[in-house]
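The values are calculated or read from the model by the stated rules, or taken from the named source; none is laboratory data. Values in this document were obtained by computation on a predicted structure and should not be read as measured data. Here the Cβ is made from the backbone with ideal geometry for all residues, glycine too, and neighbour counts use every protein chain on show.
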Amino acid sequence: MNSKTAPDGAPKIAIVCAGAVGSHVGGHLTRAGFAPILVDFWPEHVETMRRDGLKLTGMTEAECFTQPVEAWHITELERLSRERPVDIAFVCAKSYDTVWATEMIRQYLAPDGFVVSLQNGINEERVAGVVGWGKTMGSIASLIAVELHGPGEVRRNVQLGGERHTVFRVGEPHGRITDRARHVADMLGHVDSAIATPNLWGERWSKLVINSMRNPMSAATGLGGNEADRLDYTRRLAIRIAGEAIRIGLAHGFTLEKLYGMEPERVAEAAEGSNEAMTEIETVLERNAQGRSGGQRPSMGQDIQKGRRTEIDYINGLVVDYAERLGLPADANRAIVEVVKRVERKEIAPAPENVRHI
């Protein structure tokens, strides 16, 4: 995983909003010989990393280590005005924080520097609205399941992808594979398997389908990922949600990738009443649960536990928005948005019963 050597003349890297994903990537890049600056707005997280290093844990011994890292408070970014500018800025913020986070780093980019959206949702347009399309790139982190367990501590709750599953997919908005996309993919290969893809938008929507079926289920019910998959009515609701999102994405012309190794069409068929497809998809979901730790909880479920705002408007809410553009149904996605918003507002507590009516 970290056997590669960072090249001479490595780029100057900033990781903006270094929460779970950003810290995980930053820790592994640092260990590989790069020197990313991990910038975050949680003071205790930054101070813990400075004092004790960044503690990373995973499902194998090789993934468990403590790494000294360069950690900055956001108030310290002005130091970059007196230093070499940033070549690559990974924005790892929640979707609703994308614009200000991109604006914050924009003024410190090198003339040929660019921003990589390493986030859930589809935020490249927001990034481009600040820095322009020529300075915008996307990267999907597929089935990574990391959690900021406490200040200075990130836990990964799924197996490494390796040759079995490509975790990072790096793409340009225009769809051509460029040298800089290959370079970013090579860098992320120090963290886990990575490729440059000509299908950024299809990869994005495919990840959105996964997020739409897993994240709100945890937020609404309080269940972990494995628990939600093993309860019949939450599992089947998740498949219905995914089926809607797949049909909407296909209607918009996206070329979808496999989902957990499942063909998107089969997931949609299961959602639409095919018993044969349902049996096939449920078997895959059960098999995938065996590769996750029992404590794995999707990020939206983590947000509810921590009393934080969720990204529901940017995940299932985005599915609903895209459905409305074409006059397509999205009843299950619309309903789960309303439930999660009620939980978020503390009108109801997370519980499996919250989704029985959908």
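Which ones in the stretch 235-279 are over 22 Å from the mean Cα position of the chain (by Cα), closer than 16 Å to Ala335 by Cα and surrounded by fewer than 22 Cβ atoms within 10 Å (Cβ to Cβ)?
If the condition is that a residue be over 22 Å from the mean Cα position of the chain (by Cα), closer than 16 Å to Ala335 by Cα and surrounded by fewer than 22 Cβ atoms within 10 Å (Cβ to Cβ), then Arg236 is the only one that fits.
Does any residue of the stretch 36-43 turn out to be touching a residue at least 60 places away in the same chain (Cβ under 8 Å) and over 19 Å from the mean Cα position of the chain (by Cα)?
The answer is yes; a qualifying residue exists.
Which one is modelled with the lowest pLDDT, of the residues in the stretch 115-142 that are outside any strand (DSSP E or B) and buried (at least 23 other Cβ atoms within 10 Å of the Cβ)?
This residue is Asn120.
Which residues, taken from the stretch 218-250, are in contact (Cβ under 8 Å) with a residue 24 or more places away in the chain and among the small types (Gly, Ala, Ser)?
Ser218, Ala219, Ala220, Gly222, Gly224, Gly225, Ala238, Ala242, Gly243, Ala245, Gly249
Got a sec? Which helices (runs of 4 or more DSSP H) wholly within the stretch 143-258 have at least 3 residues that are outside the structural domain of Lys346 (by TED's automatic domain parsing) and aliphatic (A, V, I, L, M)?
Per the criteria, 179-188.
What residue, among those in the stretch 40-62 that are out of contact with any helix residue (DSSP H, G or I) (no Cβ under 9 Å at 6 or more places or on another chain) and among the acidic types (Asp, Glu), is surrounded by the fewest Cβ atoms within 10 Å (Cβ to Cβ)?
Of everything passing the filter in the stretch 40-62, Glu61 is surrounded by the fewest Cβ atoms within 10 Å (Cβ to Cβ).
Is there any pair with a first residue in the stretch 51-74 that is farther than 12 Å from Gly26 by Cα and a second that is hydroxyl-bearing (Ser, Thr, Tyr) whose Cβ atoms are under 6 Å apart and which are 6 or more apart or on different chains, and what are they?
Partner pairs satisfying both residue conditions: Cys64/Thr57.
So which strands (runs of 3 or more DSSP E) stay within the stretch 1-101 end to end and still have 2 or more residues that are farther than 19 Å from Ile140 by Cβ and either assigned by TED's automatic domain parsing to the domain that holds Val127 or of a type in the set (Gly, Ala, Ser) (or both)?
Filter on the stretch 1-101 gives 37-40, 54-57, 65-67, 70-73, 86-91.
What are the pairs with Cβ atoms under 9 angstrom where one residue, in the stretch 271-288, is small (Gly, Ala, Ser) and the other, located anywhere, is surrounded by fewer than 16 Cβ atoms within 10 Å (Cβ to Cβ)? Sequence gap at least six, or different chains.
Pairs that qualify, where the first residue is small (Gly, Ala, Ser) and the partner is surrounded by fewer than 16 Cβ atoms within 10 Å (Cβ to Cβ), are Ala271/Arg236; Ala277/Glu265.
Scan the stretch 280-291 for residues that are part of a helix (DSSP H, G or I), farther than 19 Å from Asn333 by Cβ and either in contact with a Leu (Cβ under 6 Å, 6 or more places away or on another chain) or not charged (D, E, K, R) (or both) and report the count.
4
Scan the stretch 281-298 residue by residue and report those that are at pLDDT 90 or above and in contact with a strand residue (DSSP E or B) (Cβ under 8 Å, 6 or more places away or on another chain).
The answer is Ile281, and nothing else.
In the stretch 45-99, what residues are charged (D, E, K, R) and more than 23 Å from the chain's Cα centre (by Cα)?
The answer is Glu47, Arg50, Arg51, Asp52, Glu61, Glu76, Glu78, Arg79, Arg82, Glu83, Arg84.
Specify the residue that is nearest to the chain's Cα centre (by Cα); the eligible residues are those in the stretch 323-347 that are of a type in the set (A, V, I, L, M) and closer than 12 Å to Ile304 by Cα.
Val340
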